[in-house]
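One structure is given below, encoded as structure tokens.
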Amino acid sequence: MSGKLWDGRFGEATDRNVERFTASVKTDSRLYAHDIAGSIAHCKMLARQAIISGEEAALLIKGLQSIKEEIAGGEFEFDEAAEDVHMNIECRLALHVGDVAKKLHTARSRNDQVALDTRMWLRDESEEILRCLRILRRELVTLSKKHIDVVMPGYTHMQRAQPVLLSHYFMAYYEMFKRDTARFREGLV
């Protein structure tokens with residue numbers, strides 16, 4: 001791809017340090033699977049609406065799946081000059097399928113793409129956090145049962161206060177993580 005996505009806004013080339021500062025590919029490369037999944041879904045919609053042909057859709061999908069395999073296999077090197085994960089994939093797709101790659105952005109803005117990728121990534125990460133919270137809460141119950149009669153000092157303002165049961169201490173954290181679990185579930189709706 002020649003030039004930056006936003007090149008038309010400036011009269012001269014940007015400083016290399018500015019380009020390195022604004023490049024997000026090191027951070028957003030983790031979105032690659034979501035970016036590709038979103039692009040495949042968008043491609044299928046374009047074909048269903050007869051905006052692109054079935055043959056073009058098949059070619060685009062095959063190219064996107066190939067890129068996903070390259071990235072997953074460690075064969076794909078993200079280029080900081082391409083700025084972000086979206087442009088890296090888009091540039092590689094153009095190498096795989098040619099000019100038909102340009103049709104993939106029909107009826108979809110870059111902001112739509114970023115919002116979708118981010119939401120999909122957050123959903124997956126939230127599900128992983130929920131899985132970890134389930135394990136943690138289960139372990140807290142196990143520890144509470146194991147130490148049901150163990151007494152420990154309770155603290156107030158960094159000073160020992162009253163004796164409390166270790167099992168109650170563990171279950172207090174159980175309740176906090178239960179609340180966190182509910183909040184993460186609300187975010188998935």
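The values are calculated or read from the model by the stated rules, or taken from the named source; none is laboratory data. All figures in this text were calculated on a predicted structure; none of them were measured in a lab. Neighbour counts are summed over all protein chains in view; Cβ atoms, including those assigned to glycine, are modelled from backbone coordinates with ideal geometry.
Side notes on the structure shown:
- Segment 88-101, subset of a type outside the set (S, T, N, Q) and surrounded by 19 or more Cβ atoms within 10 Å (Cβ to Cβ), residue farthest from residue 112 (Cα to Cα): 97
- Unique residue being modelled with pLDDT of 95 or more, in a helix (DSSP H, G or I) and more than 30 Å from residue 20 (Cβ to Cβ) when the list is 57, 50: 57
- Look at (1) in contact with a helix residue (DSSP H, G or I) (Cβ under 7 Å, 6 or more places away or on another chain); (2) hydrophobic (A, V, I, L, M, F, W, C); (3) modelled with pLDDT under 95 and you find that residue 141 fails only one, number (3).
- Residue check, residue 165 surrounded by 13 or more Cβ atoms within 10 Å (Cβ to Cβ) and assigned by TED's automatic domain parsing to the domain that holds residue 41: no
- Residue list for segment 128-155, restricted to those being loosely packed, with under 13 Cβ neighbours inside 10 Å and either among the charged types (D, E, K, R) or in the same structural domain as residue 34 (by TED's automatic domain parsing) (or both): 128, 131, 134, 138, 139, 145, 146, 149
- Yes/no for residue 67 being touching a Lys or Arg at 6+ places or on another chain (Cβ under 7 Å), surrounded by 13 or more Cβ atoms within 10 Å (Cβ to Cβ) and more than 17 Å from residue 173 (Cα to Cα): yes
- Residue match in segment 40-54 (condition: surrounded by fewer than 18 Cβ atoms within 10 Å (Cβ to Cβ), small (Gly, Ala, Ser) and in contact (Cβ under 8 Å) with a residue 24 or more places away in the chain): no
- Inside segment 162-187, residues that are within 32 Å of the chain's Cα centre (by Cα) and of a type in the set (S, T, N, Q) make up a count of 1.
- Selection count where residues are of a type outside the set (A, V, I, L, M, F, W, C) and closer than 14 Å to residue 108 by Cα, scope segment 17-48: 5
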